[in-house]
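A short write-up of the structure that comes next.
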Amino acid sequence: MSLASFNLYANYENWFNSDILRFISDLIPMVIVMPFGPLLYLYIQSSLDSNFKVTKKLRFHFYPVIIDLVPQLATYIFIIGVLTGVLKNHPQPWGIFIDEYNVYADIPRWMSVSFYVWMSAKYLASFKQKQNGVLNEQTINFKWLQQFIRVFATFQIIWLVFLIPYVIPKYTDKLLNEFDWYPLYIPLAIIIYWLGIKGYIVSQTEVSLIKKTQPVSSTLSAEAIALTIVSVKKTMTDGKLFLNPNLNLTILSEHTSIPQKTISFVLNQNLNKSFSEFVNEYRIEAFKEKILHPETDNLTIAGVALECGFSSQATFQRIFKQSTGISPSEFRKSALQTS
């Protein structure tokens, strides 16, 4: 983004006013847009998944960068063709082609970034659903990432408003003569500064939160951990808190009078479960019992699941199969045949 802005500014300030510098600038690609979308999408994933790695299979996301390199490739072909005598030294047609290409290349560029912004937003929504809406210390990046995607989505709208008249031949020159590139590059400059400042603040917040959570493990004795496990399990069983689809760490903390950080630490480190995994185990067991009762014969599987605290059928189906290895309908059929 900064390189594209530098390219525009350098041209405005005539930094490439010599033939040599202009020649070099024509050979070096400075406006590289096609990797923006994939980088956004992979950044979102790597920020929320500690096991995420960029593998060879993900390289195909970056192949469309060839769209950004066509002007330079055309320049190389022309130069080599002239030097070898294959082409005549008439740069004008090549220059016209490059100028027209740069106009219409913005269409796939906009489409690419928009597609990956949408994919990133979809990934964030899916991640939140998998967490049952409970975002603990391990997901402190989530709000920042939501802001991150919203900012780029807003920029895409601004770009589209500029792009529509820009790609219509009779309006292209008129648009640039009237407004130049300011409607697009001023927001881009703002985003560059915002990313730097906001990113720094977020990174410092992460360090601060990590420091605050570190003492939990050192201050908890074996007896305190055991009491926490007993208290949390007793509260879940006796109070049937798992039947509340909106149950979160705050509610459980209020019922047990145990700090949220302590509950989260004990579940993660001693039971090797996230909060949502811990709660869903109770819901699945409740479903297994309830689905076999005669009074639930007139209810659908989804209806029983909702009564057991699951917020949606899709979430229930996925979690049940992960836990048991079979679908809820298969479990019901098998259990009824056995009984």
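Values as computed for the structure displayed
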item	result
Near pairs, Cβ below 7 angstrom, 6+ apart or cross-chain, from the stretch 248-266 (in the same structural domain as F278 (by TED's automatic domain parsing)) to any residue that is of a type in the set (D, E, K, R) and part of a helix (DSSP H, G or I)	S264/E137
Selection within the stretch 71-88 - of a type in the set (S, T, N, Q) and surrounded by 13 or more Cβ atoms within 10 Å (Cβ to Cβ)	Q72, T75
Lone qualifier among N280, N298, N268, N272 - being within 28 Å of V230 (Cβ to Cβ) and out of contact with any helix residue (DSSP H, G or I) (no Cβ under 9 Å at 6 or more places or on another chain)	N272
Filter result for the condition that a residue is among the β-branched types (V, I, T), assigned to a helix (DSSP H, G or I), out of contact with any Gly (no Cβ under 8 Å at 6 or more places or on another chain) and more than 27 Å from L220 (Cα to Cα), over V304, V266	V304
Flag for D68 being in a helix (DSSP H, G or I) and loosely packed, with under 13 Cβ neighbours inside 10 Å	no
Which listed residue, of E285, E295, E289, E307, is modelled with pLDDT of 85 or more, surrounded by fewer than 13 Cβ atoms within 10 Å (Cβ to Cβ) and more than 20 Å from K128 (Cα to Cα)	E289
Search result, residues across the stretch 116-138 that are small (G, A, S) and modelled with pLDDT of 70 or more	S120, A121, A125, S126
Test for S25: is it farther than 27 Å from W181 by Cβ and out of contact with any Gly (no Cβ under 8 Å at 6 or more places or on another chain)	no
Residue check for V230: at pLDDT 80 or above and part of a helix (DSSP H, G or I)	yes
Subset of the stretch 101-128 [crowded, with 16+ Cβ neighbours inside 10 Å, of a type in the set (S, T, N, Q) and touching a Pro at 6+ places or on another chain (Cβ under 7 Å)]	S112
Where a residue in the stretch 51-62 is charged (D, E, K, R) and its partner, wherever it lies, is in a helix (DSSP H, G or I) and surrounded by 10 or more Cβ atoms within 10 Å (Cβ to Cβ), with Cβ under 9 Å and at least six apart	K53/S46
Neighbours by Cβ (under 6 Å, 6+ apart or cross-chain): first from the stretch 105-118, under 18 Å from V151 (Cβ atoms) and assigned by TED's automatic domain parsing to the domain that holds V31; second among the aromatic types (F, W, Y) and assigned to a helix (DSSP H, G or I)	W110/W159; V113/F36; Y116/Y41; V117/F152
Hits in the stretch 313-339 - residues which are without any contact (Cβ under 8 Å) to a residue 40 or more places away in the chain and not in a helix (DSSP H, G or I)	G325, I326, S327
Subset of the stretch 2-59 that is more than 20 Å from F78 (Cβ to Cβ) and among the β-branched types (V, I, T) - its residue that is surrounded by the fewest Cβ atoms within 10 Å (Cβ to Cβ)	T55
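The values are calculated or read from the model by the stated rules, or taken from the named source; none is laboratory data. Since we're looking at a predicted model, the values are computed, not measured. Quick reminder, even Gly has a Cβ in these numbers, built from the backbone with ideal geometry, and neighbours come from all protein chains shown.
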